1. Can you give the relative contact order of region 1-107 as a percent, counting alpha carbon pairs under 8 Å and 6+ residues apart?
2. Can you give the relative contact order of the chain as a percent, counting alpha carbon pairs under 8 Å and 6+ residues apart?
3. Size of the dipole of the chain about the Cα centre, Lys and Arg at +1 and Asp and Glu at -1 on the beta carbon, nothing else charged, in debye to 20?
4. Counting helices only, and only those DSSP H runs with n ≥ 4, report the 222 nm mean residue ellipticity of the chain as the sum of -39,500 (n - 2.57) divided by its residues, in deg cm²/dmol to the nearest 500.
5. From the C-alpha gyration tensor of region 1-111, pull out the three semi-axes of the equivalent ellipsoid (sqrt of 5λ each), sorted largest to smallest, in whole Å.
6. Please report, ordered by residue number, every helix of the chain (full DSSP H runs) that is 27 Å or longer along its axis going by C-alpha atoms and whose mean Kyte-Doolittle hydropathy reaches -0.5.
7. Which value, in Å to one decimal place, does the Kirkwood hydrodynamic radius take for the chain when every pair of different Cα atoms is included?
8. Along its three principal axes, how long is region 75-192 when you only count alpha carbons? Whole Å, largest extent first please.
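FYI, it's all coordinate maths here, none of it is from the lab. Small disclaimer: the values here were computed from a predicted structure and weren't measured. Neighbour counts run over all protein chains shown; Cβ positions are idealised from the backbone, glycine included.
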Amino acid sequence: MADTSTDADPDEEIMRATYRALREHGYADLTIQRIADEYGKSTAAIHYHYDTKDDLLTAFLDFILEQFKDTIHEVETTDPEQRLELLLNKLLVDPTDHQDLLIAMLEMRSQVPYNDQFRERFRENDEYVQYLLRTVIDHGIKTGVFDDVDTDHVAQALMILVDGARTRAVVFDDEDSLETARRTAAEYVAATLITDN
């Protein structure tokens, strides 16, 4: 995620400052002051846009999802296998470049039982990613590239694999978990979806 944008609107600048602060300090040590330091302005400038830290972090979760959507929509291929491969790379390969953000996001996820805003955003994000997976798989089935399978089941299984790998990568400081999960996802896709011609 690029941090330089001279013409960015204040909301986007605050989101990028939040991203940098989360990577630097993690969720537990994140404060509005630390975000303001990254933003280069006062805490009042942030409170002008967001009443509380939770409001800001809820907006940040939306921002992360939009960034993810943008990278997916930039893909020009309509080939189901290639699109599914790209999605799985975005979910399991790209995070290795953002280990500190993965930690912060897991910390935020741990607040879900106590924070309705976070719960709703994480649920929406999860539903959107599963929707993308289902759409690609359905397209592959319709074009004869993938076997006719229970799309919901396959999408959920892939998400469980992603969530488990990301959690292990953080909890055990084991980036190999993501690589193992990516290889396992490829094996699962080949065994479950690929039509024998």
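1. Relative contact order here is 35 percent.
2. For the chain, the relative contact order is 21 percent.
3. Working: 19 positive and 43 negative charges, 67 e Å.
It comes to approximately 320 debye.
4. -23000 deg cm²/dmol
5. Equivalent ellipsoid semi-axes, largest first: 28, 16, 11 Å.
6. Working: long enough: 53-73 (30 Å, 0.05); 116-142 (38 Å, -1.10); 151-171 (30 Å, 0.64).
Helices meeting the span and hydropathy rule in the chain are 53-73, 151-171.
7. On the way: mean 1/r = 0.0552 Å⁻¹.
About 18.1 Å for the chain.
8. Its Cα atoms span 43, 31, 25 Å along the three principal axes.
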